[in-house]
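The block underneath contains the structure these notes are about, expressed in structure tokens.
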Amino acid sequence: MTWEMLLGASVFAATLRLATPIALEGSMLVGCFFGVVAADRSHSVWIGLAVALLAGILLAGLHAYASIALRADQIVSGMALNILALGLTTYLDYQLYGTTGTPADLPTLPDVQLAFLKSVPYLGDAIGSQNVMVWTMGLLVVLLQLFLFRTVLGLRLRAVGEHPRAAETVGIDVRRIRYAAVLASGALAALGGAYLSLGVAHSFTDGMTGGRGFIGLAAMIFGRWTPVGALAASLIFGYGNALSTSLQGASIGDVKVPVQLLGTLPYILTILAVAGFVGRSRPPAADGLPYETEGHA
């Protein structure tokens, strides 16, 4: 086991790649699949990306309707949609591509080449040629952090999450903002899914998200419900994933590290993060609670 295996530039580069596709499971999975199908049919990765976003929004719309309009239990609704997404994408994948799988010549999301960094040790290898979606993730984190904590609309969104009754008394449309927030979350999750299939794997396989949606929930808790905090947590989980690949074939003394054990690293980190921070990370007071407006109470 060497320093390069643990903290080398290739490991850092993989950490960024693997930290990017962390989102909600169901919307992420439909983003993976429908992004591939649209890119395959249109021969355009950008059309694939747009269709992936639409698929994520539609699935999130079902969740929003169930949890906001019908006041269903959000955990039950979310799990049902996760199962629906898994079954639907598996069925459609077989119907469209059979046992041969998706084509090998899918259009893919491009990398951003930073020529001025190529000669810089470590940084050149780590971030000199990263996918466009990695940079998009960083930009979105900054924009969302500013939106939530520096704009009026962000303040209203946080007020709806903390005290919806108080927000309604000052004229804020609680239902509309909640719908918008859920739909936006579906779009962002699908964006992560499209990156996974069109930017990393260059294909679709059944259940390829592999629990990253649930890791995303852990990242949100670990990151104290802020975009910057969730990014930091995602980088930790991404590093665990990158490390599991980097350490394959490594040994401690005369004992070779089992590949199966390395594959559990991201999930072990998730359990440790949730176990250690779930009690200290305070969610929005009204998170997960159905709300009835004054006019319907």
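For beta carbons closer than 6 Å, sequence separation of 6+ or different chains, a first residue in segment 105-117 that is touching a residue at least 12 places away in the same chain (Cβ under 8 Å) and a second that is surrounded by 15 or more Cβ atoms within 10 Å (Cβ to Cβ) and of a type in the set (Phe, Trp, Tyr), the qualifying pairs are Val112/Trp135. Just to be sure, is Met137 in a helix (DSSP H, G or I), out of contact with any helix residue (DSSP H, G or I) (no Cβ under 7 Å at 6 or more places or on another chain), within 28 Å of Val36 (Cβ to Cβ) and not acidic (Asp, Glu)? So Met137 fits the description; yes. Of the residues making up segment 37-53, those that are farther than 19 Å from Gly186 by Cβ and in contact (Cβ under 8 Å) with a residue 12 or more places away in the chain are Ala39, Asp40, His43, Ser44, Val45.
Yes/no matrix, rows are residues, columns are (1) crowded, with 17+ Cβ neighbours inside 10 Å; (2) assigned to a helix (DSSP H, G or I):
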residue	(1), (2)
Gln130	yes, no
Arg158	no, yes
Gly186	yes, yes
Tyr195	yes, yes
Ser203	yes, no
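Considering only residues of segment 33-69 that are of a type outside the set (A, V, I, L, M, F, W, C) and touching a Lys or Arg at 6+ places or on another chain (Cβ under 9 Å), which is farthest from Thr108 (Cα to Cα)? Checking each candidate, the answer is Ser67.
Any chance segment 207-214 includes a residue that's in contact with a strand residue (DSSP E or B) (Cβ under 9 Å, 6 or more places away or on another chain), farther than 14 Å from Leu144 by Cβ and surrounded by fewer than 23 Cβ atoms within 10 Å (Cβ to Cβ)? Reasoning before the result, please.
Step one: filter segment 207-214 for residues in contact with a strand residue (DSSP E or B) (Cβ under 9 Å, 6 or more places away or on another chain), giving none.
No, that holds for no residue.
None of Thr136, Thr100, Thr89, Thr108 is among the hydroxyl-bearing types (Ser, Thr, Tyr) and touching a Phe, Trp or Tyr at 6+ places or on another chain (Cβ under 7 Å) except Thr89.
A search for C-beta distances below 8 Å between a residue of segment 137-162 that is touching a residue at least 40 places away in the same chain (Cβ under 8 Å) and any residue that is open to solvent by 50 Å² or more (accessible area, probe 1.4 Å) and outside any helix (DSSP H, G or I), counting only pairs 6+ apart in sequence or on different chains, returns Gly161/Ala285; Gly161/Asp287; Glu162/Ala285.
The values are calculated or read from the model by the stated rules, or taken from the named source; none is laboratory data. This structure is a prediction, so every number in the text was calculated from the model and none was measured. Cβ coordinates were reconstructed from backbone atoms using ideal geometry, including for glycine residues, and neighbour counts include every protein chain displayed. The protein model used for the area step is the full one, side chains on, heavy atoms only, and it has no ligands, DNA or RNA in it. Shrake-Rupley method; radii C 1.70, N 1.55, O 1.52, S 1.80 Å.
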